[in-house]
1. Suppose we keep just the DSSP beta bridges with both residues in the chain; what percent of those would be antiparallel, to 5?
2. Round to a whole number: what % of the accessible area of segment 54-167 belongs to carbon and sulfur, probe 1.4 Å?
3. With a 1.4 Å probe and every protein chain left in place, work out the accessible area per residue of the chain in Å², rounded to a whole number.
4. Helix 106-119 against the longest principal axis of the chain: what's the angle in degrees, Cα atoms only, rounded to the nearest 10?
5. Going highest first, how would you order 31-41, 87-97 by mean Cβ packing within 10 Å?
6. In whole Hz, what ³J(HN,Hα) sequence does segment 151-158 give by Karplus (6.51, -1.76, 1.60; θ = phi - 60°), x for Gly and Pro?
7. Using only the alpha-carbon atoms, how far is helix 45-58 inclined from the longest principal axis of the chain? Give it as 0 to 90 degrees, nearest 10.
8. Using only the alpha-carbon atoms, how far is helix 138-150 inclined from the longest principal axis of the chain? Give it as 0 to 90 degrees, nearest 10.
Amino acid sequence: MSIMIHDELSALASDNNAMIKNIIADIQKEESGICEIIGKSGSGKTYIFRNLHKELENSNINIRVFVPHIFKYNQLFGIIRLIADIDEKEFHQLLLTAKEKNITAKYDLFYFISEYLNDKNLIKPITIMLYEGYLLDDYTNDFIQYITQYITQEPIKFVIFSRTPKF
């Protein structure tokens with residue numbers, strides 16, 4: 001679901017929280033998914049982000065915030081760390097195992113990581129609010145899209161605030 005900011009400005013100006021309520025209704029569904037909030041700089045994404053974050057905290061929904069680093073190329077572990085109970089050492093060992101098994105294709109690696117996390121029951125239901133999503137690298141974007149389609153047992157949701165559509 002993509003929401004264009006300029007279509008919602010009148011609702012924000014009148015303090016109508018219909019958009020936030022719609023996003024929360026999507027988050028409360030028992031399925032994984034991605035919701036994008038798209039708008040140019042200065043369009044009100046930060047305002048929506050703050051209000052949504054406050055509402056989600058009050059709703060007792062398990063949320064985490066992720067802000068991509070502008071100078072960091074691959075942010076895959078940052079996302080995996082939020083959706084699964086795995087530390088950096090175990091993750092690096094997992095990557096070494098994948099290399100030993102000659103898993104070199106991107107989606108094969110995503111499958112290998114997902115299966116490992118699933119088999120070890122490390123995945124937890126979570127909603128990740130991702131601010132400035134346009135800063136994410138393409139590899140991490142592909143993983144986000146993959147994991148939301150692959151994981152069906154534990155809902156993983158992303159609410160992505162970005163200047164441009166990614167998904």
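The values are calculated or read from the model by the stated rules, or taken from the named source; none is laboratory data. It should be emphasised that the depicted structure is a prediction, and the values quoted were computed from it without experimental measurement. Heads up, the Cβs are rebuilt from the backbone with ideal geometry, glycines too, and the neighbour counts pull from every protein chain shown. Ligands, DNA and RNA are excluded from the accessible area calculation, which covers all protein heavy atoms including side chains. Shrake-Rupley method; radii C 1.70, N 1.55, O 1.52, S 1.80 Å.
1. 5 percent
2. On the way: 3010 of 6270 Å².
Summing carbon and sulfur atoms, their accessible area is 48 percent of the total for segment 54-167.
3. Value returned for the chain: 55 Å² of accessible area per residue.
4. In the chain, helix 106-119 runs at an angle near 90 degrees to the longest axis.
5. Listed from highest to lowest mean packing, they are 31-41, 87-97.
6. 7, 10, 6, 10, x, 10, 10, 10
7. It is inclined by approximately 80 degrees.
8. 90 degrees
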